[in-house]
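The values are calculated or read from the model by the stated rules, or taken from the named source; none is laboratory data. None of these values were measured; they are calculated from a predicted model. Note that each Cβ is placed from the backbone with ideal geometry, even for glycine, and that neighbours are counted across all protein chains shown. Accessible surface areas use protein heavy atoms only, side chains included; no ligands, DNA or RNA. Shrake-Rupley method; radii C 1.70, N 1.55, O 1.52, S 1.80 Å.
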Amino acid sequence: MKEREKKYIALWLVMKRECRRLISRPLYLFCMVVAPLFCYVFFTTLMDSGLPTDMPVGAVDMDQSATSRNLIRNLDAFGQTAVVAHYGSIADARIAVQEGKIYGFFYIPKGLSADAQSQRQPKISFYTNNSYLIAGSLLFKDMKMMSELAAGAAGRSVLYAKGATEDQAMGFLQPIVIDTHPLNNPWLNYSVYLCNTLVPGVLMLMIFMVTVYSIGTEIKDRTARNWLRTSNNSIYIALAGKLLPHTVIFFIMGIFYNVYLYGFLHFPCNSGILPMLFATLCLVLASQCCGVVMIGVLPTLRLGLSFASLWGVVSFSISGFSFPVMAMHPILQALSNLFPLRHYFLIYVDQALNGYSMIYSWPNYVALLIFMMLPFFVVHRLKEALIYYKYVP
């Protein structure tokens, strides 16, 4: 029998052995299929409205005039703001904020209407709880807009009283009209903003954990030598045969979330779905190779899993989708390149959002390719661990 045929047979035997292990342990089914599907549905349905709406705020109306009541009604008409309570003093409203009943409150001082009509520049105050960053930011925007509209309405009334026409009054109040067009996500949809990185990030984390676990359990259960014998003592065949079934399953899960996000939910995908499928395949392979490196460097199941979970969780923070990398410390900017999710995120921005050609993202594809090459640096150390290492509980 030719040497090449022996290698193919050994690869096939290792793959069959791994498939039997996948079927025999429900944990694999949970981590590879159930958990990713749950996260896909959880994150997309959690933010299905795109933006939070009807967030509770309070009102402290010390003026009790038609003008103040109109201001509160207009504030309540904003889609993201719901005036749910009126308070008699700032102290009562502050207590409600501290108790978590409201995210902020709108304060109208006594004499607002009279001071506005006599041009004495009354002050409207608003307070938001920025412990909740998104809620505080959105409510701050609505309350600020309402105060500016109120100031504009008061100024327009004064100009009308002085005989100005509609065009003259608006030209004085707003000499420059701003026309905004948000790019790539014109709906300002938080689901589009977050899910396109959270979902593949969860898949990447599961790949880290499953790869480390599948190799680590061989060492723990003392079946590593049997695994190597099945592969004709070739660590390359052993790893390829073990990870190929994982690759197929994880890539199917990657295809599913791409079809789900871009086909079913109609998230922006300006370059077509094929480049994103290729990027997903690169992410799967890069994540598996990182998992091999993790267990190769720390050939103990508990240490390898700790390494995988830590690296996977940090990926969400340092990839740049929640806080821009360019605003981080220079050391963190450099370290961000050590995470596969960072390069997948940049490919997603270039391909799906901006619609650039794939050649534009070549540095990120090369980075993912480098991740795929990393196991070659630890493969001999891993083989020694499989043969000689004795697991210590």
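Brief remarks follow.
- Hey, residue 123 surrounded by fewer than 16 Cβ atoms within 10 Å (Cβ to Cβ) and modelled with pLDDT of 90 or more or not: no
- For beta carbons closer than 7 Å, sequence separation of 6+ or different chains, a first residue in the stretch 71-83 that is touching a residue at least 40 places away in the same chain (Cβ under 8 Å) and a second that is open to solvent by 50 Å² or more (accessible area, probe 1.4 Å) and part of a loop (DSSP other than H, G, I, E, B), the qualifying pairs are 80/53.
- For the stretch 319-372, a residue qualifies if it is β-branched (Val, Ile, Thr), closer than 20 Å to residue 277 by Cα and open to solvent by less than 60 Å² (accessible area, probe 1.4 Å), and the qualifying residues are 347, 349.
- Residues in the stretch 173-212 that are more than 28 Å from residue 138 (Cα to Cα), open to solvent by 10 Å² or more (accessible area, probe 1.4 Å) and in contact with a Gly (Cβ under 8 Å, 6 or more places away or on another chain): 205, 209.
- Unique match (being surrounded by fewer than 14 Cβ atoms within 10 Å (Cβ to Cβ) and either at pLDDT 90 or above or among the basic types (Lys, Arg) (or both)) among 108, 95: 95
- Of all residues in the stretch 6-20, exactly one satisfies the criterion of being farther than 14 Å from residue 234 by Cβ, open to solvent by 40 Å² or more (accessible area, probe 1.4 Å) and not basic (Lys, Arg), namely 19.
- Residue 188 meets all of the listed conditions (1) in a loop (DSSP other than H, G, I, E, B); (2) of a type outside the set (Gly, Ala, Ser); (3) over 34 Å from the mean Cα position of the chain (by Cα); (4) within 23 Å of residue 75 (Cα to Cα) but one, namely (3).
- Residue in the stretch 234-246 that is polar (S, T, N, Q) and open to solvent by 40 Å² or more (accessible area, probe 1.4 Å) present: no
- Subset tally (residues that are more than 15 Å from residue 107 (Cβ to Cβ) and surrounded by 13 or more Cβ atoms within 10 Å (Cβ to Cβ)) for the stretch 135-144: 4
- So residue 23, is it more than 30 Å from residue 198 (Cβ to Cβ), open to solvent by 30 Å² or more (accessible area, probe 1.4 Å) and either in contact with an Asp or Glu (Cβ under 9 Å, 6 or more places away or on another chain) or without any contact (Cβ under 8 Å) to a residue 12 or more places away in the chain (or both): no
- Comparison of 305, 283 shows that the only residue that is open to solvent by 10 Å² or more (accessible area, probe 1.4 Å) and either aromatic (Phe, Trp, Tyr) or not in a loop (DSSP other than H, G, I, E, B) (or both) is 305.
- Pairing residues of the stretch 225-239 that are in contact (Cβ under 8 Å) with a residue 60 or more places away in the chain with residues that are assigned to a loop (DSSP other than H, G, I, E, B), at Cβ distances under 6 Å and at least 6 apart in sequence or on separate chains, gives 237/231; 238/231.
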